Amino acid sequence: MNAGGERDGSSVPDDVWEQFLRDSVAGVADAPKEPSARARVVADRLRDEPRAAEGWRTYTPPRPRRTKGWYVVGLLAAVALLVVAVLDPWQMIGTSDGNGASGAPLAQEAERPTQAPPVEPARRPTLAEPFKGSPAARWADGTAGITVPAARATGWMSKAQVEQALRQTRDFLVASNLNPAVLGGERPTKAIALINPHQRDVKDYLAAAFRTPSEENDPLLLFSRFESSRARLVGDVVKTRGRITYREGERGALQVTTDVTYVYPVAPAGGGDEVVRTIVRREVVLNWDDPSKIITERGTFSLVSYKVDMTNGGCDNNTGYFTPEFGTNGTGTGATDGETVDPYDRSTAIFEGRDTGGDGCRTATRS
């Protein structure tokens with residue numbers, strides 16, 4: 001090659017040589033570039049600074065996401081009952097047995113349903129038949145209505161460990177929403193014992209929720225409780241419908257999602273034969289963490305998020321207890337914002353397609 005950059009007896013093909021000359025002038029787009037003097041100074045300073053390494057078992061789970069919605073049963077419930085009375089004057093739709101159940105009992109919920117259950121005939125609940133006129137009459141009782149999937153090795157857990165975690169997750173649901181003492185207003189000690197005590201935000205929330213309940217620190221976000229001086233459960237049966245699912249979460253955790261609707265028939269604490277229903281749907285996501293990666297205690301889980309949809313439990317209620325309305329046939333009295341919801345519709349996720357940022361109560365179409 002001569003001083004002018006031309007070839008002199010080279011065996012390199014002409015097109016390759018021409019490309020070389022062009023790249024020499026324009027530069028190659030993805031070629032390594034020398035860092036500027038400022039970049040080198042910053043890089044040297046960052047390299048020389050001591051780095052706070054994340055040690056063994058030093059990661060604390062983040063604060064869980066929380067969402068809630070309150071609903072009262074209003075005019076649409078009466079309209080629905082009127083439609084049924086007109087279209088079915090003989091009340092032949094969903095013929096009921098002696099226990100108020102319309103049709104055969106439903107099988108367990110294996111997956112999300114595609115639509116809401118059909119409207120039941122207009123029948124008022126009684127002390128003897130507290131679920132009369134409700135789709136819940138065909139639901140299972142207590143834990144029988146919560147579908148638990150088969151276990152398989154997932155994340156850091158073996159099949160046997162997953163099976164135990166699923167069983168303990170169901171135990172949490174029982175201790176939070178089905179335990180008679182807790183439903184009567186007592187502190188859910190057994191449920192709290194299953195929550196990772198190293199989640200500081202959750203620990204602070206639980207302490208405040210039972211000491212001075214408020215909108216921000218409301219025990220009803222996680223636990224079902226009635227004030228015994230105001231309401232009493234009718235019978236010893238709570239109807240449930242829902243399922244537990246799981247997958248591998250962050251850092252190899254077993255992430256479990258529970259989506260369950262609970263139907264509580266209640267009557268005034270002072271006596272009387274009026275029966276209303278409080279309907280609560282909860283979606284709780286939790287992690288069974290690998291103790292070699294997460295600060296936790298054996299046999300406890302970390303809360304990831306929790307949502308609650310509640311009907312006839314008190315509008316804008318910050319007492320720490322459900323406060324169902326009596327004397328109005330369970331229709332509630334709070335002002336609503338016009339949005340409606342069917343508390344028995346499990347075909348969509350909680351709050352899916354709805355604005356949860358507004359204040360006040362929405363209207364439930366039935367109870």
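The values are calculated or read from the model by the stated rules, or taken from the named source; none is laboratory data. This is a predicted model, so every value here is computed, not measured. Glycine gets a Cβ as well: all are built from the backbone with ideal geometry, and neighbour counts include every protein chain shown. To get the accessible areas, we keep the full protein, side chains included, count just its heavy atoms, and leave off ligands, DNA and RNA. Shrake-Rupley method; radii C 1.70, N 1.55, O 1.52, S 1.80 Å.
Tell me, in nm to one decimal, what length is gained between Gln161 and Asp236 on full extension, where the rule is 0.36 nm per residue of separation less the Cα-Cα distance?
Numbers: separation 75, 0.36 × 75 = 27.00 nm, distance 3.23 nm.
That works out to 23.8 nm of additional length.
Amide H of Ala231 versus every other amide H placed in the peptide plane: which residues, excluding those fewer than 5 positions away on the same chain, fall under 5 Å?
Ala269
So what J values fall out for region 193-209 if you push phi through Karplus, 6.51 cos²θ - 1.76 cosθ + 1.60 with θ = phi - 60°, rounded to Hz, Gly and Pro as x?
Karplus values, whole Hz, x for Gly and Pro: 5, 8, 8, 3, x, 8, 7, 4, 4, 5, 4, 5, 4, 5, 5, 6, 4.
Largest first and in whole Å, what are the equivalent-ellipsoid semi-axes of region 195-324 based on the Cα gyration tensor, each being the root of 5 times an eigenvalue? Walk me through the numbers before you get to the answer.
Working: eigenvalues 201, 61, 24 Å².
So the equivalent ellipsoid measures 32, 18, 11 Å along its semi-axes.
What percentage of all Cα-Cα pairs in region 211-275 are separated by more than 15 Å? Could you put the intermediate results ahead of the total?
Working: 1442 of 2080 pairs.
Across region 211-275, Cα pairs with separations above 15 Å total 69 percent.
Once R0 is set to 30 Å, what does the formula 1/(1 + (r/R0)^6) return for the Cβ-Cβ distance between Thr319 and Phe351, expressed as a FRET efficiency to the nearest 0.05?
0.85
Using 7 Å Cα-to-Cβ label points, what is the Leu127/Ser305 separation (nm, one decimal)?
Placing both labels 7 Å beyond Cα along the Cβ direction yields 4.4 nm.
Is region 102-213 best put as rounded, prolate or oblate by its Cα gyration tensor, with a ≥ b ≥ c the root eigenvalues, rounded for a/c under 1.5, and otherwise prolate when a/b is larger than b/c, oblate when not? Walk me through the numbers on the way to the answer.
On the way: a/c = 2.63, a/b = 1.34, b/c = 1.96.
In terms of gyration-tensor shape, oblate.
With every protein chain kept in place and ligands, DNA and RNA left out, what is the accessible area per residue of region 163-217? Probe 1.4 Å, answer in Å². Walk me through the intermediate numbers first.
Working: 2780 Å² over 55 residues.
For region 163-217, the solvent-accessible area averages 51 Å² per residue.
With a 1.4 Å probe and all protein chains in place, put Arg298, Arg167 in order of accessible area, largest first.
Details: Arg298 230, Arg167 110 Å².
Largest accessible area first, the residues go Arg298, Arg167.
Sort Glu129, Glu248 from largest to smallest accessible area, using a 1.4 Å probe on the heavy atoms of the protein chains.
Working: Glu129 30, Glu248 100 Å².
Highest to lowest solvent-accessible surface, that is Glu248, Glu129.
Just to be sure I understand the model, the point goes 7 Å from the Cα along the line to the Cβ. What's the resulting Thr340 to Glu215 distance in nm?
2.7
Would you calculate the separation in nanometres between label points at Asp273 and Ala153, each defined as 7 Å from the Cα along the Cα-to-beta-carbon direction?
Modelled inter-label distance: 6.2 nm.
Can you compute the charge dipole magnitude of region 173-236 about its Cα centre, using +1 on each Lys and Arg Cβ and -1 on each Asp and Glu Cβ, nothing else charged? Give it in debye, rounded to the nearest 20.
I would put it at about 200 debye.
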